[in-house]
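A short write-up of the structure that comes next.
The values are calculated or read from the model by the stated rules, or taken from the named source; none is laboratory data. It should be emphasised that the depicted structure is a prediction, and the values quoted were computed from it without experimental measurement. With ideal geometry, Cβ positions are generated from the backbone for all residues, glycine too; neighbour counts draw on all protein chains shown. Each accessible area value is taken on the protein alone, full model and side chains, heavy atoms only, with ligands, DNA and RNA left out. Shrake-Rupley method; radii C 1.70, N 1.55, O 1.52, S 1.80 Å.
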Amino acid sequence: MRTDSSPGDLPAREHLPAGNAGTPVLDVVIPVYNEEKDLQPCVLRLHEHLARTFPYAFRITIADNASTDTTPQVAARLEAEIPEVKSFRLEQKGRGRALRTVWSASDAPILAYMDVDLSTDLNALLPLVAPLISGHSDLAIGSRLSRSSRVVRGAKRELISRTYNLILRGSLQARFSDAQCGFKAIRRDVAQVLLPLVEDSGWFFDTEMLVLAERAGLRIHEVPVDWVDDPDSTVHIVKTATDDLKGVWRVGRALATGSLSLDRLARPFGDDPRDRELADVPKGLARQLVGFCVVGGLSTLFYLLLYSGFRSFTGSQIANALALLVSAVANTAANRRLTFGVRGRGGAVRHQAQGLVVFGIGLALTSGSLAALNAATSSPAHATELAVLVAANLAATVLRFLLFRAWVFPDRRDADAESTVVASHAPSSPAYATTLPHHQGQYQGQGQVQVQGQVQGQVQGQVQGQVQGQVQGQYEGQYQGQHSPQPQRPAAPGGPYDTAQFRAGEAADRTWGDSTMQMQAVRPHDHDPRNAR
């Protein structure tokens with residue numbers, strides 16, 4: 001989705017570097033409300049599965065949504081007994097609020113969540129997060145509606161789920177298959193930009209997040225899951241469905257008016273350093289042509305109706321000019337929004353002014369055609385006039401599309417976006433900077449220093465030239481990767497595993513009303529470089 005504002009804030013996706021344990025790679029959030037009976041079995045089973053199968057450090061975070069039973073005590077006991085388990089409490093209910101709070105404060109590069117009933121088979125967890133770790137995708141969701149999924153649930157829930165997803169496809173043009181499956185993951189760099197745009201704090205949080213991500217062009221990976229319905233689920237189906245329909249209306253209206261800054265979520269094309277010189281993927285000519293033809297056909301009908309109306313009380317030239325002027329303004333606005341995907345009010349006046357220039361060219365073509373017809377016959381029939389105008393409008397339409405695409409709505413980017421994208425792909429967070437073995441340092445040194453040399457060569461191109469920087473960076477990277485390990489991340493103040501405090505309520509609602517939570521790196525003693533975990 002293109003706007004007239006700055007390019008996206010997201011760098012190109014990268015594979016997370018494989019290193020020693022420290023900051024957890026995966027943070028799995030379990031939102032709970034009055035789940036004193038199911039919480040402990042869920043956490044123990046999830047922890048055992050991750051410890052046995054997951055090849056990276058992990059954390060399990062219990063998000064208590066203002067429970068009124070003994071759920072907080074159970075969560076505190078699990079946190080005390082298991083180092084990889086953390087918990088905090090929110091004084092307000094809402095699954096979306098809990099996820100936004102924990103995800104906003106977490107230091108793990110991959111963020112996930114699942115329901116406490118563990119209806120989804122845990123064997124799908126690694127396939128869920130693997131595309132995010134590899135840099136292939138931005139979000140991942142479990143799908144119960146995929147053909148290869150195996151689902152056990154009642155006909156009522158099956159009908160509601162499929163109906164809801166049909167509504168999303170019809171109203172919001174969603175292409176993902178299952179919005180409400182409680183089994184999702186997201187990259188932290190995406191969450192930091194996407195979550196501030198998501199307004200809902202309840203059950204619609206998932207759907208709104210996915211719709212905005214899809215409309216912004218982010219990649220959503222779907223994993224078929226095996227899922228068994230929990231007959232004791234406390235979800236209120238009618239209230240949830242009502243809230244979801246309200247959310248669909250709100251998001252649809254926001255997308256229609258262009259009030260969401262989805263351009264912030266744009267990513268550069270490709271992960272190869274050579275591809276990052278491209279500002280973005282070019283707009284598809286075929287899609288634009290189809291949209292322009294649809295708008296042009298409707299504009300032509302609108303123009304003919306206006307011309308027939310104006311022709312009843314004025315001459316043909318004046319009627320043609322008035323009809324073409326009104327239809328041209330409407331045509332420019334429709335093409336701006338539908339064909340070329342420009343959102344918001346920025347540049348609208350300039351676009352209309354340029355559209356009027358295009359209108360002048362169309363006016364010259366159609367007026368010249370009418371003048372030629374009047375010169376050929378003194379009193380042409382009304383049907384003949386319409387036929388001549390249709391032919392002239394077809395020629396003007398082709399020219400209008402070319403001018404719109406190349407001049408009025410070009411796919412322009414800021415001139416410095418290229419260098420910004422190239423420089424911003426390097427890891428910005430020291431969370432996963434670790435000491436690598438000899439062979440890992442060789443390969444990573446070659447890649448990282450080569451890109452650094454490329455960037456330096458671009459910045460100092462006036463003195464040394466870009467090619468010299470690239471070659472120098474490449475060979476320095478090879479030498480450094482072969483003879484020395486990567487520098488280790490310096491210890492944070494207060495020790496290498498100092499805790500970071502945050503206010504849970506502020507992250508969710510931007511207030512200071514909720515309790516303070518501590519997030520600590522798990523496995524503080526797992527520092528042996530020979531340990532693959």
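The figures follow:
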{"item": "Qualifying residue in the range 303-317 (condition: in contact with a Gly (Cβ under 6 Å, 6 or more places away or on another chain), farther than 15 Å from residue 356 by Cβ, assigned to a helix (DSSP H, G or I) and touching a residue at least 12 places away in the same chain (Cβ under 8 Å))", "result": "no"}
{"item": "Answer residue from the range 370-413, given it is of a type outside the set (A, V, I, L, M, F, W, C) and within 17 Å of residue 315 (Cα to Cα) and is least open to solvent (accessible area, probe 1.4 Å) among those", "result": "385"}
{"item": "The range 154-187: number of residues that are among the basic types (Lys, Arg) and in contact with an Asp or Glu (Cβ under 8 Å, 6 or more places away or on another chain)", "result": "4"}
{"item": "Members of the range 341-360 that are assigned to a helix (DSSP H, G or I) and either open to solvent by less than 50 Å² (accessible area, probe 1.4 Å) or not charged (D, E, K, R) (or both)", "result": "348, 349, 351, 352, 353, 354, 355, 356, 357, 358, 359, 360"}
{"item": "Number of the exception - residue 237 against (1) buried (at least 20 other Cβ atoms within 10 Å of the Cβ); (2) of a type in the set (A, V, I, L, M, F, W, C); (3) at pLDDT below 85", "result": "(1)"}
{"item": "Pairs with Cβ under 6 Å, 6+ apart, first in the range 255-275 and of a type in the set (D, E, K, R), second part of a helix (DSSP H, G or I) and at pLDDT 75 or above", "result": "264/193"}
